[in-house]
Amino acid sequence: MSEQPHLPLVSPGRVDAQTPWEQAVARTRRRSPSTFEQWFSGVQFESLEADVLSLTARDEFVRDWVQRHFIPDLLESLQPATGIDRIRVEWSLARELTRPVAEPTPEPSRVRNSEPPSARQTVRPPPPSRPSVMPRIERVPAVLALLNPKYTFDNFVMGPSNELAYAAARASAGGGGPRYNPLFIAGGTGLGKTHLMHAIAHRVLEERPNSRVMYVSAERFTIDFIEALQHKAMDEFRNRYRTGCDVLLVDDIQFLAGREQTQEEFFHTFNVLHDSDRQIVVTADKYPHQLQRMPERLVSRFASGLVADVQAPQLETRVAIVRKKAEIEGILLPDSVAVLLAQCVQSNVRELEGTLIRLAAKSSLTGRAIDDEFAQSELLVVGSRRPELTSVEDIQQAVCGHFRLSNTDLLSKDRHKSVAFARQVAMYLCRQRLKCSFPELGRAFDRDHSTVISAVRRVEAALKSSDHQVAAHLEAIEKRLASSND
Ligand code: ADP
Ligand code: MG
């Protein structure tokens with residue numbers, strides 16, 4: 001444990017005895033010092049008053065992780081110390097924290113001691129010259145920024161349609177049972193492949209925080225590779241994907257179809273990792289031998305470990321999934337509606353989840369409770385949608401119609417807020433509904449692919465933080481699309 005230069009734990013101004021919060025933090029910190037510091041350098045303690053613990057997080061990501069992984073333990077320590085049975089946690093967000101619970105760890109040369117710091121050591125405020133944005137957070141594995149905190153094994157509902165993939169994914173994270181290398185997860189869209197990949201990454205990082213986990217889409221791998229070639233940075237690229245990687249998770253490998261140079265590079269990456277027994281997990285929308293324009297040597301390597309598929313879930317599993325999602329999102333959902341949704345939306349879980357989220361958004365916007373009648377009327381709208389008939393142009397047109405813009409505005413370089421927002425929404429919808437690749441979208445919107453990536457991420461983040469306004473815009477545009485397809 002490191003001697004901290006000007007540490008943590010404090011409500012400002014206290015010098016002597018530890019408060020219940022300080023004690024609880026010290027205990028949690030002792031249990032997992034390194035992960036504690038990684039995460040709590042992004043968290044600030046505000047107050048503990050009556051039964052409300054107020055904390056501020058640097059961003060949603062830190063908030064969700066700390067909430068999931070640390071808060072239960074902290075509350076367990078706080079309860080006996082405060083005598084309060086149920087303490088509620090209230091979070092706020094602030095990009096810059098002035099008093100983070102943990103400061104960045106000192107350089108390795110500093111003396112280390114195994115004791116938790118005393119309260120006296122902890123009260124010094126950070127020196128004013130120190131930037132209040134915490135450089136420490138950079139030491140959080142970069143991969144975490146790419147992972148959905150909700151895509152964990154706990155949140156994955158297992159059923160006959162996915163049990164092999166689920167068990168194999170757990171084993172590949174080192175959770176016991178035979179480990180297959182590579183693990184190839186095959187299955188149609190929206191059936192949980194990406195969820196399982198993120199779950200593997202979360203599990204590995206929880207159990208072995210120092211593991212170097214890489215999660216990339218095959219598209220990202222391709223873009224990285226091309227950029228490395230362009231910038232003559234192949235050594236760095238190879239360091240990242242070969243030497244610097246203990247677990248490689250590559251999503252949607254079908255994207256490599258026909259990209260011979262990237263396939264060649266991936267083949268060598270694969271071999272290096274596999275030869276040193278580092279775990280590789282790959283997903284695709286097809287079985288290995290069905291992959292088109294993929295060289296035989298790659299196909300045979302994909303098939304050389306375990307190929308596990310995810311199929312469309314049966315009714316019981318779908319009902320369980322809807323219930324689980326409602327629980328995670330805090331949506332009050334009568335059982336009859338869960339069954340109704342599961343009966344009506346059969347093909348894919350993403351669609352099922354989307355319907356639930358839309359229902360909840362609409363219910364909170366209109367103040368109507370989610371009951372059978374309401375659900376049924378919404379399902380009629382879903383039923384009338386025919387996404388397969390939609391094109392990029394249809395989406396652009398619907399977005400322009402909704403925001404009252406011309407197509408020229410939408411594709412112009414106008415950076416005015418409202419135009420930029422409409423453009424982001426259009427890109428997001430194309431990505432969601434048409435599964436366009438980022439470079440494809442870049443061409444369709446006359447933008448760089450990185451602009452498209454950040455536009456899509458921005459809308460995703462807004463939706464994730466339950467931004468009702470964004471959800472309502474999306475819903476209105478979806479309605480337009482549905483009616484234009486009729
Ligand atoms: P894929 O990568 O196969 O296209 P995703 O992993 O993105 O699909 O899944 C789509 C959505 O459905 C995600 O939100 C995911 O959490 C959810 N999902 C899929 N299968 C399950 C499951 N068995 N349990 C819980 N959620 C699931
Ligand atoms: Mg996926």
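Values for this structure:
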{"read-out": "Residue count, segment 365-391 (criterion: at pLDDT 90 or above and not in a helix (DSSP H, G or I))", "value": "5"}
{"read-out": "Test result for Met197, in contact (Cβ under 8 Å) with a residue 40 or more places away in the chain, in contact with a Cys (Cβ under 6 Å, 6 or more places away or on another chain) and not charged (D, E, K, R)", "value": "no"}
{"read-out": "Matching residues, segment 59-96, being in a loop (DSSP other than H, G, I, E, B), open to solvent by less than 60 Å² (accessible area, probe 1.4 Å) and in contact with a helix residue (DSSP H, G or I) (Cβ under 7 Å, 6 or more places away or on another chain)", "value": "Phe70, Ile87"}
{"read-out": "Residue that is nearest to ligand 1 (Cβ to nearest atom) [pool: residues in segment 163-187 that are open to solvent by 10 Å² or more (accessible area, probe 1.4 Å) and in a loop (DSSP other than H, G, I, E, B)]", "value": "Gly175"}
{"read-out": "Only one of Leu291, Leu306, Leu340, Leu333 that is out of contact with any His (no Cβ under 9 Å at 6 or more places or on another chain) and within 16 Å of ligand 2 (Cβ to nearest atom)", "value": "Leu291"}
{"read-out": "Test for Arg208: is it open to solvent by 30 Å² or more (accessible area, probe 1.4 Å) and either within 16 Å of ligand 2 (Cβ to nearest atom) or farther than 24 Å from Leu298 by Cα (or both)", "value": "yes"}
{"read-out": "Positions within segment 211-256 being away from ligand 2 (no atom under 16 Å from the Cβ), in contact (Cβ under 8 Å) with a residue 12 or more places away in the chain and among the small types (Gly, Ala, Ser), in sequence order", "value": "Ser211, Gly244"}
{"read-out": "Residue selected from segment 188-197 under the condition open to solvent by 10 Å² or more (accessible area, probe 1.4 Å) and not in a loop (DSSP other than H, G, I, E, B), by the criterion farthest from ligand 2 (Cβ to nearest atom)", "value": "His195"}
{"read-out": "Check on Asp467, under 18 Å from Ser418 (Cβ atoms) and acidic (Asp, Glu)", "value": "yes"}
{"read-out": "Contacts under 8 angstrom Cβ, first residue in segment 321-338 being closer than 22 Å to Ser161 by Cβ and open to solvent by 30 Å² or more (accessible area, probe 1.4 Å), partner within 9 Å of ligand 1 (Cβ to nearest atom) and not in a helix (DSSP H, G or I), 6 or more apart", "value": "Lys324/Asn155; Lys324/Val157; Ile328/Lys150; Ile328/Asn155"}
{"read-out": "Flag if Val299 is modelled with pLDDT of 95 or more, within 16 Å of ligand 2 (Cβ to nearest atom) and surrounded by 15 or more Cβ atoms within 10 Å (Cβ to Cβ)", "value": "no"}
{"read-out": "Arg368 being in contact with a Phe, Trp or Tyr (Cβ under 8 Å, 6 or more places away or on another chain) and open to solvent by less than 50 Å² (accessible area, probe 1.4 Å)", "value": "no"}
{"read-out": "Breaking point among (1) among the hydroxyl-bearing types (Ser, Thr, Tyr); (2) open to solvent by 40 Å² or more (accessible area, probe 1.4 Å); (3) at pLDDT 80 or above, for Ser109", "value": "(3)"}
{"read-out": "Cβ pairs under 7 Å, 6+ apart, first in segment 60-79 and touching a residue at least 60 places away in the same chain (Cβ under 8 Å), second part of a helix (DSSP H, G or I)", "value": "Glu60/Lys464; Phe61/Ala145; Val62/Trp39; Trp65/Trp39"}
{"read-out": "Checklist (1) more than 16 Å from ligand 2 (Cβ to nearest atom); (2) open to solvent by less than 30 Å² (accessible area, probe 1.4 Å); (3) in contact with a Lys or Arg (Cβ under 9 Å, 6 or more places away or on another chain) applied to Thr262, failing item", "value": "(3)"}
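The values are calculated or read from the model by the stated rules, or taken from the named source; none is laboratory data. Please read all numbers here as calculations on a predicted model, not as lab measurements. Virtual Cβ from ideal backbone geometry, glycine too; neighbours counted across all protein chains shown. Surface accessibility is based on the protein's heavy atoms, side chains included, excluding ligands, DNA and RNA. Shrake-Rupley method; radii C 1.70, N 1.55, O 1.52, S 1.80 Å.
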